[in-house]
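What follows is a short report on a single structure.
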Amino acid sequence: MPPTDKLYNNEQEEPNSHELSSTHYRPYQHPSSSDRNAFGDDSDSEDQVHHSQEDQEPPEFDVYKDFNNTGVRYTTLLHGMTDESKTRDQERTNSPPSMLIHSEKSLAKNYASVDQDLSPSPSQARFQVDQPEPPTTPSNKQKGKTMQFKKRKNRWKVGSIIAFVAIACLGVVIYFMIPRQPFISFEAPPRLIKKEDNHLIFSASKPTNFSFEAQLDLALDGRASYLPVLVRDFKVSINDLGASSDSVRVGTGSLAHGFTAGTKNLTPLTLDIYFEYTTKLPSDALWQAWRKACGNIGESTVNGTITRPSLQLFVLLEFSVLGMFGTRSDGTQITNVGCPAELPVGAPSF
């Protein structure tokens, strides 16, 4: 009976199921004749499918395709085709050639980009070779910059101090070397001295005038300067202040040569002064005042007292100093000055 035969066959196959199978993997095995169906193949369908000889042959193993995940995997050859691999192979088989080419190109580009990123180009290698080596530690570079900054700062400080000292020294030198203007000394006030041969003239005729010569003694004080001062173009003017409301010049004098004003003592000077005044009438107030002031002393003495009137004068000095710009001037007023001339006895009084 058929069922009995089947049971008997199963009992005979049980001892074989406990046998140890080989540990070596066989890459591919054709289905045995016992596994084939009634149609002569291993499919469950009744439709007879004609397989080509290429489909029946085991697929070839390609290392490159296995590495790129595009060919038959090595594990597939060892364990057989899985459902996932079969699906992928079917999709690859059913997909058009253009898509396969496109996917392979994209994969090639991706691998090329990876190779380009990982492998340095010759220019980059050359740039890395030419590039100087960085400092051992960034702190050393920072310390170097800090030291340079401090050196520059110290250099500016030293330069500023030297410049300040130089300017101060220059100022001190200028202060001590610059000349100062000498002035008329009040320790020895100016005074008029009579000359023996003074060429005295008092005339009431037209033109009414008087003229004579005298000397002026004065002293200059140049002690304000630290160095001697060279004075040139020294001139003296004497004006009358008492005879009229206006200041009228009546005498002049000058020195033909320059002189040096000392810094320790007063510098005495004696100048020849020429007095001269001209007017229209003998009734002129200034001429009358000078005529009385220069009268004969004997005739002007009453009970032992000289009654000649005194003069009010203003002495003006003009000169130039070496090292100073422009013309310098100084003046002083002298009062109660006696006339430096004397008319002879019996001179008309007019």
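The values are calculated or read from the model by the stated rules, or taken from the named source; none is laboratory data. Everything quoted here is computed from the prediction, not taken from an experiment. Positions of Cβ are backbone-derived with ideal geometry, glycine not excepted, and every protein chain shown enters the neighbour counts.
Considering segment 260-273, and only residues there that are surrounded by fewer than 17 Cβ atoms within 10 Å (Cβ to Cβ) and under 18 Å from residue 315 (Cα atoms), the residue that is nearest to the chain's Cα centre (by Cα) turns out to be 268. Scanning segment 299-320 for residues that are in a loop (DSSP other than H, G, I, E, B) and under 16 Å from residue 200 (Cβ atoms) turns up 299, 300, 308.
A search for C-beta distances below 7 Å between a residue of segment 288-314 that is free of Cβ contacts under 8 Å to residues at least 12 places away in the same chain and of a type in the set (S, T, N, Q) and any residue that is buried (at least 16 other Cβ atoms within 10 Å of the Cβ) and in a loop (DSSP other than H, G, I, E, B), counting only pairs 6+ apart in sequence or on different chains, returns 300/308; 307/300. Within segment 173-208, the set of residues being among the hydrophobic types (A, V, I, L, M, F, W, C) and modelled with pLDDT of 90 or more comprises 183, 184, 192, 193, 200, 201, 202. Selection of segment 280-336 for residues being in contact with a helix residue (DSSP H, G or I) (Cβ under 9 Å, 6 or more places away or on another chain), under 30 Å from residue 182 (Cβ atoms) and not polar (S, T, N, Q) yields 311, 323. Of all the numbered requirements in (1) under 60 Å from the mean Cα position of the chain (by Cα); (2) exposed (fewer than 14 other Cβ atoms within 10 Å of the Cβ); (3) in contact (Cβ under 8 Å) with a residue 12 or more places away in the chain, residue 255 misses one, and that requirement is (2).
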